[in-house]
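Have a look at the structure below before the remarks.
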């Protein structure tokens, strides 16, 4: 039986087609042609994007010519091999937290394969624009990424110093450690005292 | 009067005209022999490419998965077979069946050229007399083909027979437009522009005139749903697409 709950409209159908095209395009452009997905052959992976409550079923098949392709659909007869839930927001921020159910081996193989997808954009761009322009665009993008990384780091450090030392609303790492150590000592002392009181009470009652 | 004579007296619609029952198969064959070579390009031109989205939607709703066995009746040039073959994988199988040899040849050549091999079988089959055992298929589809079948009730009963319990039939077919204004524009397009396009692109005005007429003679959404239930399906429902220009009927065998 069909495990999906709602009939998808033409918009959902178009979305799954778009997702399928993007995924297969990424595999085609990957240095390894998506070989890392081989462990997912003939498996059905259900992906749920928690932010949009959107579900896709991904079916990976290695074709007779050896290349693998994904088919993406909104419905499925029966149950998937594994179910991955994650938030797009976390994924964009590079901190994805996956909720996995079903066959964990397949799910983990899929996640690892996605991580290994590496597209050489500069090489692809050079086919359209030529090497010189592609190199310039590539250098600019790399420089931009470096500047953005440095700026992010600098802003983070400045904000930390301001909050910890200027207006003193946040403790430093060592202050937290000291506090935690003191709490631990106090807990131990209280436990010892409680134990001693218990012993005294037992002695007086006998 | 002998049974044979009674049979020859019976007539059935062929577009807007009536023909003897046994003539329809030959006439439909003639139409599709004529259009087979230009079938794909004509579909794109006639529907402005939307037929791809209708078919894609049907594939979506099928929920097909690796290992499934699919019968694509009236499979023609293999649009649905191609998509199903990619999904059922090495452990599944898709049978492209069509009553018209020319269409099967075009479909087989096209899919083979696209590398779709190994899990697809091709067969010339009459939907009214399927040569498969009971409970064989997980899914049977008939896309833009049921209206050309002479005895639809018999075909639906045969499909029901070959479906596995839990299996599903999907009928994608032109149907009755639900929006009155669009219906008028659609009629004008079908009877005035479509045959002329057929003449221009495929040099075959008559076949495209027949296609337009056969769409009008095809049972509407509710009638077809009722026919499916009468053929034995345990559940039937339909989904209108593009205001009912096309309807997707789904029937289940439990």
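No value in this document is a laboratory result; all are computed from the given coordinates. In this text, all values refer to a predicted model and were calculated from it rather than measured experimentally. Note that each Cβ is placed from the backbone with ideal geometry, even for glycine, and that neighbours are counted across all protein chains shown.
From the square roots a ≥ b ≥ c of the eigenvalues of the alpha-carbon gyration tensor of the stretch A:10-119, which class results: rounded (a/c under 1.5), prolate (a/b over b/c), or oblate? Taking the square roots of the gyration eigenvalues as a ≥ b ≥ c, the stretch A:10-119 is rounded. On the beta carbon distance between residue B:52 and residue A:194, with R0 = 60 Å, the FRET formula returns roughly 0.20. Considering only B:64, B:41, B:159, the mean-square fluctuation computed in a Gaussian network model of chain B, springs between alpha carbons under 10 angstrom, is largest for B:41. The protection proxy used here, the mean number of other Cβ atoms lying within 10 Å of each residue, ranks peptides B:46-53, A:126-133 as follows, highest first: B:46-53, A:126-133.
Assuming a ≥ b ≥ c are the square roots of the Cα gyration tensor eigenvalues, decide whether chain B counts as rounded (a/c under 1.5), prolate (otherwise, with a/b larger than b/c) or oblate. In terms of gyration-tensor shape, rounded. Once both labels are positioned 7 Å from their Cα atoms along Cα-to-Cβ, the gap between residue A:166 and residue A:52 label points is 4.0 nm.
In chain A, the longest principal axis of the Cα atoms and the axis of helix A:131-161 are about 10 degrees apart.
Kindly state, to the nearest 0.05, the FRET efficiency for residue A:141 paired with residue A:29, given R0 = 22 Å and r defined as their beta-carbon distance.
Step by step, r from the Cβ atoms, then E = 0.85.
Taking a virtual spin label 7 Å from the Cα of residue B:153 along the C-beta vector, which residues in the stretch B:119-144 bring their backbone nitrogen under 19 Å of it? Counting backbone N atoms under 19 Å from the label point, the list is B:127-130. Computed over chain A with a Gaussian network model linking Cα atoms closer than 10 Å, the most mobile of A:80, A:171, A:96 is A:171.
Compute the helix-to-body angle for A:10-29: its Cα long axis versus the longest principal axis of chain A, expressed 0 to 90° and rounded to tens. Taking Cα atoms only, the helix is inclined about 90 degrees.
From the square roots a ≥ b ≥ c of the eigenvalues of the alpha-carbon gyration tensor of the protein assembly as shown, which class results: rounded (a/c under 1.5), prolate (a/b over b/c), or oblate? Because a/c hits 1.5 or more and a/b exceeds b/c, the protein assembly as shown counts as prolate.
Looking at the protein assembly as shown, the DSSP beta bridges with both ends there are about 60 percent antiparallel. For residue A:151 and residue B:191, a Förster radius of 41 Å and the Cβ-Cβ distance give a FRET efficiency of 0.05, rounded to the nearest 0.05.
With the simple spin-label model, which puts each label point 7 Å out from Cα in the Cβ direction, the residue B:223 to residue A:108 separation comes to 6.0 nm. Between B:150, B:178, B:77, the GNM of chain B built on Cα springs shorter than 10 angstrom shows B:178 fluctuating the most.
Gain on full extension, evaluated as 0.36 nm per residue between residue A:14 and residue A:88 minus their Cα-Cα distance, stands at 24.7 nm. Derived value for chain A: Kirkwood hydrodynamic radius 22.5 Å. Basis is the mean of 1/r over every pair of different alpha-carbon atoms. DSSP beta bridges fully contained in chain B are about 45 percent antiparallel.
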